[in-house]
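Asks: Sharing a structure below in structure tokens format, with a few things to ask.
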Amino acid sequence: MDDRMTRRSGYPLTISDALLHSDAMRRACAARDFQEIFRLVNRRTGSSHALMAAAIGRMTSSRVSDIIRGVRGIRGSEVVERVADGFGIPGEMLGLSTRPWETHDGAARPQDPRVSSAPAPASQCHKGQRVVQALEVMSGDSTSTLPLVLGELIDHYTLTIYSMPPADVYDELLTVRTYASRFLDAALSERQRREITVSIGWISCLLGIAACDMGAHAASYVWCGDAERRSQEAGQPELTGWAVLTKSLIAFYQGRAHESVALASQGQRDTAPGTTVHAKLATQEMRAAAMAGDGDRTEKARRYAAKEMARLPGDVKTTGAFSISPGEDPPYTATSLMLLGRHAEAVSATKSVIQTLYRPEARQRGEHPSSFARALLILGLAQAGAGNLDEAVSAGHEALAGSRPAWPTVTLAAKLNRVLEREFPNALQVQGYQTRYMEVSGRLTGNSV
């Protein structure tokens, strides 16, 4: 995947380098001939008017049609910027400043323009306020009870973070984090200060996860960095490991495989063997190495992950944010097989994971709907790679039927959309999946992603 495609991972539409650098597109961009630009994108990529409109945002398919027919034009720099961002046209070609997605630092890329920046609904604000009211009552009795109450809240959010809408849980956690941080300025014993610092670190780590699921990567990096600092202050290396894992996941889904491998490796150095986070980081290194095309490192990481999982105690957490899924193979084995092009094996492995963890209506399907959806999308990608169109489309539709399309899920759905278009360009089933994918990606509001 080239740099431009990598930086635009998760965007619904990115024109190819061949089209971008064609004489026709260069001339059209230089003249700001949007009728020709739209016509080229429509005809050369096969994108429907609806897909083009959704990619640009705040535009209807009928307006796209009018622009192509020359009935209407494009006015205003803000609309031009959305066209550049929607199609993946560098700002320089349209006389604009460098677009945010053109930067190499994925962490600095601003939130996807499709994600709503509207304030949280009043009802959600009330939920956060109620949590603080409860905290005030508890801490009013005695400051010494605050770490205990915060610990109970952390346990609650750890189990529910993947079933709640990301923006909702983010707002609640932010309210709790703001409240708890005030106590660090109070007169506390060394033990109390350490306990509250650790609690704040875990809340920051959860905020990093929620921000990642929203697609707010810069915010996620900020929270993960805070969690790492709190970890160092309190001597809690596992906290650092989970924060680094989130950063590695962001790099992975943005297509920055080598950075993801490096972060997963760093996290393993920072954490102790025999812990859940250490094993989870080993599995993350495995699939990141597979994305990088390094089969030897993938297999080495797989063997190490399997050894580390065998060392885990019998009561290890298997649900929630700080857990690891059970199974004969380490988590992400199926993804790794798919990325290495071993599609038939990936199909078999993914079916086994789905059968074990999610069917029949197993607990984790409801507790972690995004994980279930991503397993289905990996199955869809593996089926597509194996040439099984109907099975790939069926898995994709089932994945998009979920109620919580987090950013990593939508990124995988976009990848399946591209693979289906490439492998089965004229299939009606592909058009049906594309329509459904656009509906889901168009729903990326503060209540979902």
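Asks: Please go through region 385-424 and pick out each residue that is touching a residue at least 24 places away in the same chain (Cβ under 8 Å), small (Gly, Ala, Ser) and assigned to a helix (DSSP H, G or I).
Replies: Correct list: GLY385, ALA392, GLY396, ALA399, ALA413, ALA414.
Asks: Do we have LYS307 as surrounded by fewer than 24 Cβ atoms within 10 Å (Cβ to Cβ), part of a loop (DSSP other than H, G, I, E, B) and among the basic types (Lys, Arg) here?
Replies: The answer is no for LYS307.
Asks: In this structure, is VAL79 in a helix (DSSP H, G or I) and either out of contact with any helix residue (DSSP H, G or I) (no Cβ under 6 Å at 6 or more places or on another chain) or modelled with pLDDT under 90 (or both)?
Replies: yes
Asks: Still on this structure: If you take the residues in region 100-118 that are in a helix (DSSP H, G or I) and modelled with pLDDT of 50 or more, which one is surrounded by the fewest Cβ atoms within 10 Å (Cβ to Cβ)?
Replies: Only one residue tops the list, namely PRO100.
Asks: Another question, if that's okay. If you scan region 334-374, which residues turn out to be at pLDDT 95 or above, small (Gly, Ala, Ser) and part of a helix (DSSP H, G or I)?
Replies: ALA334, SER336, ALA344, ALA346, SER348, ALA349
Asks: Here's something else I'd like to know. Go through LEU263, LEU249 for me and flag whichever is among the aliphatic types (A, V, I, L, M), within 21 Å of GLY380 (Cβ to Cβ) and in contact (Cβ under 8 Å) with a residue 12 or more places away in the chain.
Replies: LEU249
Asks: Of the residues in region 275-298, how many are in contact with a Gly (Cβ under 9 Å, 6 or more places away or on another chain), among the polar types (S, T, N, Q) and closer than 12 Å to LEU340 by Cβ?
Replies: Residues in region 275-298 being in contact with a Gly (Cβ under 9 Å, 6 or more places away or on another chain), among the polar types (S, T, N, Q) and closer than 12 Å to LEU340 by Cβ: 0 in total.
Asks: Hey, can you tell me all the residues within region 173-210 that are farther than 13 Å from TRP242 by Cβ, part of a helix (DSSP H, G or I) and among the hydroxyl-bearing types (Ser, Thr, Tyr)?
Replies: Of everything in region 173-210, those that are farther than 13 Å from TRP242 by Cβ, part of a helix (DSSP H, G or I) and among the hydroxyl-bearing types (Ser, Thr, Tyr) turn out to be THR175, THR178, TYR179, SER181, THR197, SER199.
Asks: Exactly one condition in (1) within 22 Å of GLN434 (Cβ to Cβ); (2) out of contact with any Lys or Arg (no Cβ under 6 Å at 6 or more places or on another chain) is false for GLY57; which is it?
Replies: The failed condition is (2).
Asks: Listed residues SER97, SER62, SER47; which is surrounded by fewer than 15 Cβ atoms within 10 Å (Cβ to Cβ) and in a loop (DSSP other than H, G, I, E, B)?
Replies: Being surrounded by fewer than 15 Cβ atoms within 10 Å (Cβ to Cβ) and in a loop (DSSP other than H, G, I, E, B) holds for just one of SER97, SER62, SER47, which is SER97.
Asks: Which of the residues belonging to region 399-423 are farther than 23 Å from LEU249 by Cβ and either in the same structural domain as CYS212 (by TED's automatic domain parsing) or surrounded by fewer than 17 Cβ atoms within 10 Å (Cβ to Cβ) (or both)?
Replies: ALA401, ARG422, GLU423
Asks: Oh, and also: If you scan region 175-213, which residues turn out to be surrounded by fewer than 24 Cβ atoms within 10 Å (Cβ to Cβ) and in contact with a Phe, Trp or Tyr (Cβ under 8 Å, 6 or more places away or on another chain)?
Replies: Across region 175-213, the qualifying residue is only ILE196.
Asks: When you look at TYR170, is it in a helix (DSSP H, G or I), surrounded by fewer than 22 Cβ atoms within 10 Å (Cβ to Cβ) and among the hydroxyl-bearing types (Ser, Thr, Tyr), yes or no?
Replies: When the stated conditions are applied, TYR170 does not pass them.
The values are calculated or read from the model by the stated rules, or taken from the named source; none is laboratory data. In this text, all values refer to a predicted model and were calculated from it rather than measured experimentally. Note that each Cβ is placed from the backbone with ideal geometry, even for glycine, and that neighbours are counted across all protein chains shown.
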